[in-house]
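Written out below as structure tokens is the structure these notes cover.
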Protein chains: 2
Amino acid sequence: MSTENIKTGPEQSIGGIPQLSLDCVIFGFHDSSLKVLLLKWKDIGEWSLPGGYIKQTESVDDAAIRVLKERTALDKIFLRQFYTFGKVKRYDNELIKKKLAHLVSDHIWLDRVVSVGYYALVDYEKVFPTPDRFTESCDWVDLDDVPELLFDHNEILTKALKALRLELSFQPIGLNLLPDKFTMPDMLRMYEAILDKKIDPRNFQKKILKTGIVIRLPEVKKGVAHKSPYLYKFDKKRYTEVLEEGGLFFV
Amino acid sequence: MSTENIKTGPEQSIGGIPQLSLDCVIFGFHDSSLKVLLLKWKDIGEWSLPGGYIKQTESVDDAAIRVLKERTALDKIFLRQFYTFGKVKRYDNELIKKKLAHLVSDHIWLDRVVSVGYYALVDYEKVFPTPDRFTESCDWVDLDDVPELLFDHNEILTKALKALRLELSFQPIGLNLLPDKFTMPDMLRMYEAILDKKIDPRNFQKKILKTGIVIRLPEVKKGVAHKSPYLYKFDKKRYTEVLEEGGLFFV
């Protein structure tokens, strides 16, 4: 994948909206495990979230889609604006200036910048992680192994994770993450991985079935030890309906 | 109440963050009814949501608290950032310029402005609605009677209402809105007024009790026809806990 046309970072502030940026927390899910996509900066070896500036000619949402595509080569994915970080002093600007002076000349990070936070949830096997011009690599990192990040990015990550878990607790999730046909234990493991807690399987199954977002197929999963579990697929119409209405609690 | 020190609107862009503003959707709840606080502009008689610019010396959240206090005289209330409106062309800037030219000379509204949306939910009997310098009145308007608003404020209102209803479907609500002691029918009516739909009372009671956010008191409500309903109060510890955890669905 070519990185020639990739332009994220402070150079975009030329012609971009001043004092406004966005940051993307890209969660990757695969095989019962949750990771986050991080950028490793050239020379200094420190890490940050992907992000960028907003062009005057694009909406903030479109800017997030662009950054996400540049870093993952994916489009049309689950992307949510979750919070706008607007503290007067989000991080130690002087420290950041010192750390990044060799890479960036215009010291944009010395200004106060308000950042719109987005999170995405992707199947990380489908992603081609791509660094930007300030960074040497773009890697998946286990949530438990996330180091101290530049700027206020640990705080942004924490808040994104909270927002994702909250969303999971009231909205259907799993389309594009689970295979077309899946078992109830597959779905349960997805919820457990993201929520990072054990869920009672019987109660879970009862609640999910009640929402109507899944349809039981007349087939069972083969080659599984013990009892063969039923296969399910999403009822896309009902799934979208519940997404629109937004509430699982009052279903 | 003095309005002397009230400074909201475009004049705050002097020294404020350029191209960034905030808008507040203030919902008022009282006696099973939901309203929204609107400002009526001088001379032109058109309406908008309250809003303002963000000073370089205040966080975006603090700016929202300030605007809210200026318009309602309330502080320490339920206030949520729900979405940042970032379209390139949020409204017809030329039309707005024409409409507001007699009030505002610097045509700030001709620029592209990104706006951080907040909503608040207050007991409207406790509010002192206060117009700003561009507006002649500040009034509660029934949701069904909201006129065409200036800027993209109808869209912001619609999205805020959706966010409020969503929040209601997964987070506890009612503290500061219901009296200290309330009946299950009181609580049900609050949910029904905000969600604008009928909810099955038995299912509702079962679900609410299961969350543990309310405690049944050893008293009943007097002076009610038919069977006297039990009184409840919020278990504030559990209420906060569920708010923190964020999910009613997996309780």
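Annotations
- Test: residue in the stretch B:106-113 that is acidic (D, E), closer than 27 Å to B:W47 by Cα and either out of contact with any strand residue (DSSP E or B) (no Cβ under 9 Å at 6 or more places or on another chain) or within 12 Å of another protein chain (Cβ to nearest Cβ) (or both): yes
- Flag for B:K206 being in contact (Cβ under 8 Å) with a residue 40 or more places away in the chain and in the same structural domain as B:T240 (by TED's automatic domain parsing): no
- Residue match in the stretch A:141-156 (condition: assigned by TED's automatic domain parsing to the domain that holds A:D92, on the phi > 0 side of the Ramachandran plot, touching a helix residue (DSSP H, G or I) at 6+ places or on another chain (Cβ under 7 Å) and of a type outside the set (V, I, T)): yes
- Restricted to the stretch A:193-232, and to residues there that are within 14 Å of chain B (Cβ to nearest Cβ) and not in a helix (DSSP H, G or I), the residue that is least open to solvent (accessible area, probe 1.4 Å) is A:I213.
Conditions (1) of a type in the set (F, W, Y); (2) more than 14 Å from chain B (Cβ to nearest Cβ); (3) surrounded by fewer than 18 Cβ atoms within 10 Å (Cβ to Cβ), marked per residue:
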position	(1), (2), (3)
A:T84	no, no, no
A:F128	yes, yes, yes
A:V141	no, yes, yes
A:E148	no, yes, yes
A:E155	no, no, yes
A:K159	no, no, yes
A:S169	no, no, no
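- Here the strands (runs of 3 or more DSSP E) wholly within the stretch A:77-192 that include at least 2 residues being among the hydroxyl-bearing types (S, T, Y), within 15 Å of the chain's Cα centre (by Cα) and within 24 Å of B:L22 (Cα to Cα) are A:114-123.
- Positions within the stretch A:24-74 being surrounded by 21 or more Cβ atoms within 10 Å (Cβ to Cβ), within 14 Å of chain B (Cβ to nearest Cβ) and among the aliphatic types (A, V, I, L, M), in sequence order: A:I54, A:V60, A:A63, A:A64, A:V67
- Checklist (1) at pLDDT 90 or above; (2) within 14 Å of chain A (Cβ to nearest Cβ); (3) surrounded by fewer than 22 Cβ atoms within 10 Å (Cβ to Cβ) applied to B:V116, failing item: (3)
- Scoring B:K162 on the criteria (1) in contact (Cβ under 8 Å) with a residue 24 or more places away in the chain; (2) among the basic types (K, R); (3) closer than 28 Å to A:F82 by Cβ leaves a single failure, condition (1).
The values are calculated or read from the model by the stated rules, or taken from the named source; none is laboratory data. Because the structure is predicted, anything quoted here is derived from the model rather than measured. Cβ sites come from the backbone with ideal geometry, for glycine too, and all protein chains shown count toward neighbours. In case anyone asks, the SASA skips ligands and DNA or RNA and just uses the protein heavy atoms, side chains included. Shrake-Rupley method; radii C 1.70, N 1.55, O 1.52, S 1.80 Å.
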